[in-house]
1. Simple spin-label model, 7 Å along Cα-to-Cβ: Ser247 to Val3 in nm?
2. Got the relative contact order for the chain handy, in percent, Cα pairs under 8 Å and 6 or more residues apart?
3. Separation between the His110 and Arg170 pseudo-spin-labels, each 7 Å from Cα along Cα→Cβ, expressed in nm?
4. Taking H placed 1.01 Å from N in the peptide plane, check which residues at least 5 places from Arg34 or on another chain put their amide H under 5 Å from its amide H.
5. Can you list the residues of segment 89-116 with backbone N under 15 Å from a point 7 Å past the Cα of Gln142, pointing along Cα to Cβ?
6. I want to check the label-to-label distance for Glu135 and Trp268. Put each point 7 Å from Cα in the C-beta direction and report it in nm to one decimal.
7. Between Lys235 and Leu160, what length in nm is gained on full extension when 0.36 nm per residue of separation is reduced by their alpha carbon distance?
8. Going 7 Å from the Cα of Ser32 toward and past its Cβ, which residues in segment 1-21 have a backbone nitrogen under 16 Å from where you end up?
Amino acid sequence: MTVAHDDRPIGIFDSGIGGLTVASVIRQALPSERLLYFGDTAHMPYGQRHLDEVRKFSFGIVDALRRKHCKMVVIACNTASAAALSALREAHPGYLFVGMEPAVKPAVEHTRTGTVGVIATTATFQSELYASVVERFAQDVQVLHQPCPGLVKQIEAGELDTPLTEEMLRGWLQPMLDKHIDALVLGCTHYPIVRPLIERIVGPGVRIVDPAPAIARQVQRLLESYALTSMPTAKGSLTCWTSGEPSTFHVLLERLGLGSTEVRAAQWSGDVLNLP
Ligand code: DGL
């Protein structure tokens, strides 16, 4: 029996470098897949914008990735998923999307104190998606949510372990620690980049939940069930575009062990995104 394969790429996007935390896990889990990544650095941070505006950007990005013949799009951004995932599914019937949502469920399963924390962008907390996650998974548990305005910008600026970033994080996390959280959900794909700092602040008694591995498993499941996996012998790759400055990407790619990745400049013209 011959098994069907599909060598088209997988599209992945975020407002900037955050989604690379998801792309790198997908790259490890599915080494024969070609990944096309777009970071919309020119419009970053999404989390301080109106959800309608983020939805408009997301539609432009998905159109560009589909013009690149992507077989699936992974929205490696909680804010864009909250703003656009259901509208994108409606506008592209039959097309495969994987989106992010704050991983409240594993945190609730883990807690012994009955109190868990979620950090995410302001826009994510304002979304219906977040409300539905809490309603579905956190019936008998107290969920404390804390937006972190300014943190994404610090991370994009490479301020990963500076006194200011630490002070900002302590200001957000200490009140949750005072209320005895024992699990903390990273509800923004940028935040795993400062995970070592977060771990230092919360200490070993708090389980940190990063949904990236679960997202990679979901991508794999979908590819397999729709017979869309690449030839196992294919040489996978990661190619990045940014609407901002490519050098910020190189620093993080280096840290993620993906230093040889090509990063190209992309341009918006009106609502149309060009990925040259
Ligand atoms: N990385 C994004 C997220 O997961 C968005 C961050 C931002 O641009 O504010 O929400």
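1. If labels sit at Ser247 and Val3, their model points lie 4.5 nm apart.
2. 28 percent
3. Label-label distance for His110 and Arg170, simple model: 2.4 nm.
4. When sequence neighbours closer than 5 places are left aside, the close amide H contacts are Ile10, Ser237.
5. Output list for this probe position: 111-116.
6. About 3.1 nm separates the two model spin labels.
7. 23.8 nm
8. 1-10
The values are calculated or read from the model by the stated rules, or taken from the named source; none is laboratory data. Just so it is clear, the model here is predicted, and its values are computed rather than measured. Neighbour counts are summed over all protein chains in view; Cβ atoms, including those assigned to glycine, are modelled from backbone coordinates with ideal geometry. The protein model used for the area step is the full one, side chains on, heavy atoms only, and it has no ligands, DNA or RNA in it. Shrake-Rupley method; radii C 1.70, N 1.55, O 1.52, S 1.80 Å.
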